[in-house]
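Below: the structure, in structure tokens.
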């Protein structure tokens, strides 16, 4: 039996999302070792190094590359730094896993990909499609449980942008960087849903979009209504997302309904069901699914590097998701300067 290669991996970024990446890497300790981490925040570096037993830390990715011999990097930095960091990693000849989105907009992502060496192996960390209930739903669709699909509705509602009695907005406490994002709901959150819908249903196009902003504490959109059409048969897919819904929980849950000729397939939070000619129901633990999606994404990256699977979220595939995102912004003509109503 061939010996499994144990890769030396550097983490770039020690922010909140690294709290989910690092446990996933630990689960792959037989195949990979996080040997170093880079971030400009000394406090964040110290916390991650101590909590996850990372031997060496650096104030920048450049400093890490100057000192370390790496096989791969995991880029967890803010989206504004992705292009520069991917280019740096590619110049150092390492394999790359980069958090979504690959770049702040479609054109920058396209230019980045076009300029990379042909030998660069790059996967976008798009973990939503790796959630256990979506993998199960994909299997149900392939099994034909729904029959001919007639309509699809996706909802993602939260009260996180509604101020509480103290004037705080829960979504901004959990993720304060939302305040300054030039593109918020669609590029930061709905991009997951668009990618997952592509994974489940195939390619689609945007036919209508409207974006709004609910409050002056943010500069970008937190309300979206989008209509898409599946390319191969014209099925209409509606996506409604809103982070300022009275009565919704602060932590949003996906609600997806696929209406078919034989059954309705529904994901409501962490409960997946089929109702119709065939009846099925499965309940998933939400917290477990959340972390395990990161686990599965990183395992998939390593499997791809080892030649065991074909990577799903390679740049060519991810650009199709980014094209939908870009078209939503184009069609909506959202004006970040307009006062919320």
In nm, the gap between the two label points placed 7 Å beyond Cα toward Cβ at residue 151 and residue 309 is 3.4
Relative contact order computed over the chain (Cα-Cα under 8 Å; 6+ residues apart), in percent: 19
Tell me, what does the Kirkwood hydrodynamic radius of the chain come to in angstroms if you use every pair of distinct C-alpha atoms? 21.1
Could you state the orientation-averaged shadow area of the convex hull built on the Cα atoms of the range 169-289, in nm² to one decimal? 8.7
FRET efficiency for residue 141 and residue 163, Cβ-Cβ distance as r, R0 = 41 Å, nearest 0.05? 0.55
Folded to 0 to 90 degrees: helix 286-305 orientation relative to the chain principal axis, Cα: 50
In the chain, what % of DSSP beta bridges are antiparallel (nearest 5)? 60
On the formula 1/(1 + (r/R0)^6), with r taken between the Cβ atoms of residue 69 and residue 205 and R0 of 41 Å, the FRET efficiency rounded to 0.05 is 0.35
How many Å³ per residue does the convex hull of the Cα positions in the range 36-91 occupy? 81
Take residue 331 and residue 50, extend 7 Å from each Cα along the Cα→Cβ direction, and tell me the distance between the two endpoints in nm. 5.0
Over the C-alpha atoms of the range 7-125, what are the Rg and the largest Cα-to-Cα span, Dmax, in Å? 13.4, 39
Acute angle (nearest 10 degrees) that the helix 82-91 long axis makes with the longest principal axis of the chain, alpha-carbon atoms: 40
Using a Gaussian network model of the chain whose springs link C-alpha atoms within less than 10 Å, name the residue from 55, 109, 208 with the highest mean-square fluctuation. 55
Taking the 0 to 90 degree range and rounding to the nearest ten, how far is the long axis of helix 106-115 tilted relative to the main principal axis of the chain, both from C-alpha atoms? 40
Relative packing of 201-207, 21-27, which averages over residues the other C-beta atoms within 10 Å, highest first: 21-27, 201-207
Multiply the residue gap between residue 273 and residue 114 by 0.36 nm, knock off their C-alpha separation, and tell me the result in nm, one decimal place. 53.0 nm
Label zone at residue 240 (point 7 Å along Cα-to-Cβ), backbone N below 13 Å, the range 250-279: 255-257
Relative contact order (%) - criterion: Cα under 8 Å, at least six apart; region: the range 7-125: 24
Compare the peptides 210-216, 101-107 by average per-residue count of other Cβ atoms within 10 angstrom and give them in order, highest first. 101-107, 210-216
If eta is 1.306 mPa s and T is 10 °C, what Stokes-Einstein diffusion coefficient results for the range 78-181, Kirkwood Rh from Cα pairs, in µm²/s? 91
Honestly the range 137-213 on the Cα gyration tensor test (a ≥ b ≥ c root eigenvalues; a/c under 1.5 rounded, otherwise a/b vs b/c for prolate or oblate) is just prolate
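Every number in this text was worked out from the coordinates using simple rules, so none of it is lab data. Here the structure is a predicted model, which is why all the values come from computation and not from measurement. Positions of Cβ are generated from backbone atoms using ideal geometry, with glycine treated the same way; all protein chains shown enter the neighbour counts.
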